[in-house]
Amino acid sequence: MSNLFSLEHAQQLDSQDPLKHIRDEFHIPKQDNGDEEIYLCGNSLGLQPRLAAEYVNDELSQWQKLGVKGHFSGDYPWMPYHEFLSEGFADLVGAKIKEVVSMNTLTANLHFMMVSFYRPTTQRHKIIIEDHAFPSDHYAVESQIKYHGFDPEQSMVLLKPRDGEETLRDDDILAAIKEHGESTALIMLPGVQYYTGQVLDMKSITEAGHAQGCNVGFDLAHAAGNIPMQLHDWGVDFAAWCTYKYLNSGPGSVAGCFVHERHHSNKDLPRFAGWWGHDKDSRFKMENHFVPMESAEAWQLSNPPILSLAAIRGSLDTIKKAGGIHQLRHKSLKLTSYLRQLLEQELPQTINILTPEDTKASGAQLSLTVNLDGADGKQIFDAIEKAGVTCDFRHPNVIRVAPAPQYNSFEDCYRFVSILKKSIEGAVS
Ligand SMILES: *Cc1c(COP(=O)(O)O)cnc(C)c1O
């Protein structure tokens, strides 16, 4: 058997990778010395696809040439521009085309979804989230509870890993849903937990929630573009995701949203409305009588920022070139498992991996802690960053490393582990 931990072995794995050419579709940032960075930060901000720049420039040029007529002219008129993203989004999350829409930003979408799907009563007022939810999700949920006149102390159920454990057990999540079910209005959990990289079992959570009469929504910030999903078949009520992480669409880019089709024609469902959610055929009659579309588009408010949507379209076309999310996941499993093997083999004492090993419960990210006398995780993080690695550090002590299957290589994983090893040796010598 050849030595896993060698540049030759990593390069051999790259040469066998049917998706290796997709890296050329991206701009890889350079270090000061001109070498490419070892960029393992796609969980935070994905790199720029060449097509994103091209499509944004196309729209800038349409605007120069056409002015307002750009709404109706050209191959990609702005009026229906969001529709050009629907097929790509639907493939990513496992939805029907009419169940997805691009609009707003992630936290805004969570709020708009809660307007429709969090309808607390004195009997049922709780929202189940996780104790270590991303702050924005926590604030959104807390403020919704207060907005409805309830007390977060009573109405927020926070799921925690067991003492001494880092990740949530599926059984504990299901038990909590059972325990609080009758008083719970909404379960809102991540598809992939941002801190540990744990993938939650969205299907069983949805089933368990529905069995108790709760609505179930997911934040897919770290799941979209990372793992395949089947939101429609699982019966999820709603979901929202940002597009700047594994979806490589640029900082602050427009978010995605899913609403299950069974809710589309429900006239009793309250929503905050805007003109872009109004029936397309009569939108411009300006009659001030809201007629919602029978699709996720009904939740749109405004005409969307086309330059951002153009970048997303570039990203989705790049994913298409790679053969779609299932192809990417196939590579991702190999890439992440190679990284894990190297870390376990080369740094068994000093690096602890929080992310579950089970491939059903993990995606493209490994979350690492450093056990080292005389140096903490932040010092090691600073050292590897100086040596050309871009990944990220999350307080209190986690280094998150995300080999993104679109642009990362096995060689990136090898180089990362070599640099990490040297930095750890440097810190103890
Ligand atoms: C990245 C991320 C956000 C960011 O929210 P924005 O509204 O896009 O700023 C929110 N929630 C989770 C879980 C995230 O990972």
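For the stretch 138-213, GluC sites (Glu not before Pro) meeting the loop criterion (DSSP other than H, G, I, E, B) and having at most 14 other Cβ atoms within 10 Å: E165. The residue among N288, M202, T105 whose Cα reaches farthest toward the positive pole of the charge dipole of the stretch 56-320, with charges on the beta-carbon of Lys, Arg, Asp and Glu, is N288.
The calculated Kirkwood hydrodynamic radius for the stretch 9-123 is 18.6 Å, given to one decimal from all distinct C-alpha pairs.
Charge tally around H278: other residues with Cβ under 13 Å, Lys/Arg +1 each, Asp/Glu -1 each, net -1.
DSSP beta bridges in the chain, what fraction antiparallel, as a percent rounded to 5? Here the antiparallel bridges make up roughly 55 percent for the chain. Can you pick out the pairs among K160/K331; K126/K203; K321/K421; K334/K421 whose Cα atoms lie more than 24 Å from each other? The answer is K160/K331; K321/K421. Please state, as a whole number in µm²/s, the translational diffusion coefficient that the Stokes-Einstein equation yields for the stretch 77-207 at 25 °C and 0.890 mPa s, with Rh defined as the Kirkwood radius across alpha carbon pairs. Here the translational diffusion coefficient equals 151 µm²/s.
The calculated P(r) of the chain, using every Cα pair and 10 Å bins from 0, goes 4, 21, 29, 24, 15, 5, 1, 0 in percent. Taken along the Cα-to-beta-carbon direction at a fixed 7 Å, the label points for R394 and D24 span 3.5 nm. Think of the chain as a dipole: +1 on every Lys or Arg Cβ, -1 on every Asp or Glu Cβ, centred on the Cα centre; then among T243, I312, F72, F72 lies furthest on the positive end. Put a plus charge on the Cβ of each Lys and Arg, a minus charge on the Cβ of each Asp and Glu, and nothing anywhere else: the dipole of the stretch 56-320 about its Cα centre is then about 780 debye.
Taking other residues whose beta carbon is less than 11 angstrom from the beta carbon of E182, and scoring Lys, Arg as +1 and Asp, Glu as -1, yields +2. Dividing the helix sum by the residues of the chain, where each DSSP H run of 4 or more adds -39500 (n - 2.57), gives a mean residue ellipticity at 222 nm of -11000 deg cm²/dmol.
All of the numbers you see were taken from the coordinates with simple rules; none came from a lab. Just so we're clear, the structure is a prediction, and the values are computed from it rather than from any experiment. We place every Cβ from the backbone using ideal geometry, glycine too, and count neighbours over all the protein chains shown.
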